[in-house]
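To keep things clear, I will list the structure first and then write my remarks on it.
Quick note: the coordinates plus some simple rules give every number you see, no bench work behind them. Predicted model only: the values in this text are computed from it and were never measured. Note that each Cβ is placed from the backbone with ideal geometry, even for glycine, and that neighbours are counted across all protein chains shown.
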């Protein structure tokens with residue numbers, strides 16, 4: 001693909017799309033696809049130069065030690081997408097987020113929209129389907145755990161209990177889609193059913209032992225949607 005002239009989002013100078021730094025103001029540059037027309041623009045641009053659509057609110061952040069991509073072994077780049085601080089691999093498109101950022105993303109619809117607008121239809125060198133193996137945390141280098149998000153989404157994520165979650169290129173949009181289609185509510189109902197089954201078993205056991213067992217009350221900690229999503233996501237890291 002031939003490079004095209006784009007405008008630097010910092011100084012407005014014309015810069016070829018294959019450049020990683022503006023030759024005039026020395027700003028770091030990264031090309032992304034417009035979520036509307038898929039045309040190229042530099043990250044940080046307010047509007048697409050091809051169709052005029054508003055760009056996602058995202059910008060590159062200077063970070064002294066962003067860590068390495070657990071799959072590609074190249075340095076990650078730090079981003080601010082909407083209000084969320086994340087790290088991305090520019091080769092495979094994977095994302096690293098802190099525990100708090102991931103919780104916020106799962107419960108905040110506006111932040112979900114910002115991320116989806118940023119991700120768009122970017123093309124990355126995925127090298128085929130990612131191998132099923134354990135990968136190291138970008139922060140502490142320890143191998144992370146693998147788990148099926150919400151136990152029903154089919155999205156297998158890699159988590160470090162101390163530092164955060166690694167999401168391969170297609171996993172973040174799939175998790176957002178799962179949440180928006182009511183997947184968390186399904187998980188909530190499943191846990192309620194499991195708790196009720198456990199209570200029924202305890203009631204039967206208490207009856208068998210002559211009523212000597214004490215039953216605990218409560219509803220298993222299920223509150224409103226926001227508090228449930230937060231507590232549910234937190235369980236992944238416990």
Can you tell me the 0 to 90 degree angle between the C-alpha axis of helix 225-237 and the longest principal axis of the chain, rounded to 10? 90
Any idea what angle helix 171-180 forms with the longest principal axis of the chain, computed on alpha-carbon atoms, 0 to 90 degrees, nearest 10? 60
Mind checking the full-extension length gain between residue 199 and residue 85? Use 0.36 nm per residue of separation minus the Cα-Cα distance, one decimal, nm. 36.9 nm
Percentage relative contact order, segment 1-55, counting C-alpha pairs under 8 Å, at least six apart: 26
If each of residue 132 and residue 2 carries a label point 7 Å out from its Cα toward its Cβ, how far apart are those two points in nm? 4.6
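Over the chain, what is the relative contact order in percent, taking alpha-carbon pairs closer than 8 angstrom and at least six residues apart?
Working: 370 pairs, mean separation 30.7, N = 238.
Taking the mean separation of contacting Cα pairs over the length of the chain, I get 13 percent.
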Pairing the Cα long axis of helix 183-208 with the longest principal axis of the chain, what angle in degrees results, from 0 to 90 and rounded to the nearest 10? 20
According to a simple spin-label model (label point 7 Å from Cα along Cα-to-Cβ), what is the distance in nm between residue 206 and residue 142? 3.9
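For the peptides 150-156, 88-94, what is the packing order when you average, over each peptide's residues, the other Cβ atoms within 10 Å and list the highest mean first? Write down the numbers at each step before the final one.
Numbers: 150-156: 15.4, 88-94: 21.7.
Averaged packing, sorted descending, gives the order 88-94, 150-156.
So what is the relative contact order for segment 36-96, in percent, with contacts set as C-alpha pairs under 8 Å and at least six apart? Show your work: numbers first, answer last.
On the way: 95 pairs, mean separation 13.2, N = 61.
That works out to 22 percent.
Which value at 222 nm does the chain reach when only helices count, each DSSP H run of 4 or more adding -39,500 (n - 2.57), with the total divided by all residues and rounded to the nearest 500 deg cm²/dmol? Let's see the in-between values first.
Details: 5 runs with 69 residues, N = 238.
-9500 deg cm²/dmol, from helical runs alone.
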Separation of the residue 51 and residue 231 label points, Cα + 7 Å toward Cβ, nm: 4.2
Rounded, prolate or oblate: which fits the chain when a ≥ b ≥ c are the square roots of the eigenvalues of the alpha-carbon gyration tensor, with rounded for a/c under 1.5 and prolate only if a/b beats b/c? prolate
